[in-house]
Amino acid sequence: MPKKKNITDLKDKKILAELDSNSRQTDSEIAKKVGLSKQVVNYRIQNLINNGIISNFYTVVDISKLGLDFYYVFIQLSNINKEQEKKLAEQIENLDYVGWLVSGVGRWDFVVGINADSIFNFEKCLSQLTNLCGEHLHEYIFTTLVSAEHLKYKFLPSKNISFGVKQGEKKEVINLSEDDKKILKAISQNARLPVTEISKKANLPIHTISYHLKSLVKSRIIEGFKPKININKLGYEWHLLLIQLQGASDKRKKEFLEFCRYHKNIYYVTNTIGLYNVMLDIHVSNMQEFKEVLLDIKEKFSDIVKLYESIIIFEEHKIDYLPNSLI
């Protein structure tokens, strides 16, 4: 059970909340909101990075608008030691079509997020992934993302609950220009990169970059800019709760998802098709608090929750909303 570290104060948490809301805010903009100078904000952000609380800043892209679907593959391993598992995680992380990879303890050792533009290509990706696991693969299943909402870190001070970063079905497919791709590539894992630096990396004029960035945000291809935060460093546990529903009407399911959206411990709500219908990212201080969240769900929705499983997430190896195959 992680113990809360005294490495952040209220000012740090307010800065984290602003970065979580929009990581492309300038130090000056954040400074005005948290009541500090630009220099102090810059120093504190660097300190958060140096302490491993923030590992990087990533750009949230709505892949459905790029013609892609997202699949979650749950993998259980066997006859594997620590070094072999670490090597396998690195190999999976390096696959172009993998957008998300976490490891933890529970029924599943890895959860892998795969981007694919067709079920045919997903099958090829899945085959490559399972072959990569080789003799260590004990069991796997997969689900298909229907919709998801990326909420704020609830343990940070904030006036609003929802950030509104959503993923959904392919209503329209937008073709990216070459300039769009260059810009997205530059900020995919470095969302706070200044326009002047993007200009150097993309070899494009500053005014072109400003125009395309505004267009990408307006069209909701870019849904947001987020910090990758190691919550263990802040004394919190990350539990992934996997839920199978039964006999849930559209109205009842909507009530359940809305309950999850506003729950103080739930950070991410994912609606899927497959063995699991809902995935919840839950942040708690300890196992007792997780148990209370679980009991709260069971008490209010025992009529539709058929079964549930949980994974304690120890490491987020990768989060990348922009598949290399697109660029």
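List of remarks:
- Restricting region 115-129 to residues that are farther than 16 Å from Gly99 by Cβ and of a type in the set (A, V, I, L, M, F, W, C), the residue that is surrounded by the most Cβ atoms within 10 Å (Cβ to Cβ) is Ile119.
- Odd one out for Asn265, checked against (1) within 22 Å of the chain's Cα centre (by Cα); (2) under 24 Å from Phe142 (Cα atoms); (3) among the polar types (S, T, N, Q): (2)
- Single condition Leu307 does not satisfy, out of (1) surrounded by fewer than 17 Cβ atoms within 10 Å (Cβ to Cβ); (2) more than 25 Å from Phe70 (Cβ to Cβ): (2)
- Selection within region 214-252: residues that are among the aliphatic types (A, V, I, L, M) and closer than 19 Å to Pro157 by Cα. The member of this set that is surrounded by the fewest Cβ atoms within 10 Å (Cβ to Cβ) is Ile231.
- From Ser37, Ser78, Ser64, Ser118, residue being small (Gly, Ala, Ser) and in contact with a Lys or Arg (Cβ under 7 Å, 6 or more places away or on another chain): Ser64
Quick grid of which residues meet (1) at positive phi; (2) touching a Ser or Thr at 6+ places or on another chain (Cβ under 8 Å); (3) touching a residue at least 24 places away in the same chain (Cβ under 8 Å):
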residue	(1), (2), (3)
Thr196	no, no, no
Lys200	no, no, no
Leu204	no, no, yes
Leu234	no, yes, yes
Leu240	no, yes, yes
Leu245	no, no, yes
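- Subset of region 16-35 [over 16 Å from Leu151 (Cβ atoms) and either assigned to a loop (DSSP other than H, G, I, E, B) or β-branched (Val, Ile, Thr) (or both)]: Arg24, Gln25, Thr26, Ile30, Val34, Gly35
- Boolean, Arg107 is of a type outside the set (A, V, I, L, M), over 16 Å from the mean Cα position of the chain (by Cα) and closer than 18 Å to Ile311 by Cβ: yes
Conditions tested, residue by residue: (1) modelled with pLDDT of 95 or more; (2) surrounded by 14 or more Cβ atoms within 10 Å (Cβ to Cβ).
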site: Lys254; (1), (2): no, no
site: Glu258; (1), (2): no, no
site: Tyr268; (1), (2): no, yes
site: Val278; (1), (2): yes, yes
site: Asp281; (1), (2): yes, yes
site: Val284; (1), (2): yes, yes
site: Glu289; (1), (2): yes, yes
site: Leu294; (1), (2): yes, yes
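- Elements of type helices (runs of 4 or more DSSP H) in region 202-314, at least 3 residues being within 23 Å of Leu19 (Cβ to Cβ) and of a type outside the set (A, V, I, L, M, F, W, C): 206-218
- Residues satisfying the stated conditions in region 34-63, i.e. in contact with a Phe, Trp or Tyr (Cβ under 8 Å, 6 or more places away or on another chain) and among the hydroxyl-bearing types (Ser, Thr, Tyr): Tyr58, Thr59
- Test: Ile243 is at pLDDT 95 or above, more than 30 Å from Ile273 (Cβ to Cβ), in contact with a strand residue (DSSP E or B) (Cβ under 7 Å, 6 or more places away or on another chain) and not aromatic (Phe, Trp, Tyr): no
- Subset of region 130-145 that is surrounded by 17 or more Cβ atoms within 10 Å (Cβ to Cβ) and of a type outside the set (A, V, I, L, M, F, W, C) - its residue that is nearest to Leu275 (Cα to Cα): Thr143
The values are calculated or read from the model by the stated rules, or taken from the named source; none is laboratory data. Note that the structure is predicted; figures quoted are calculated from it, not measured. Here the Cβ is made from the backbone with ideal geometry for all residues, glycine too, and neighbour counts use every protein chain on show.
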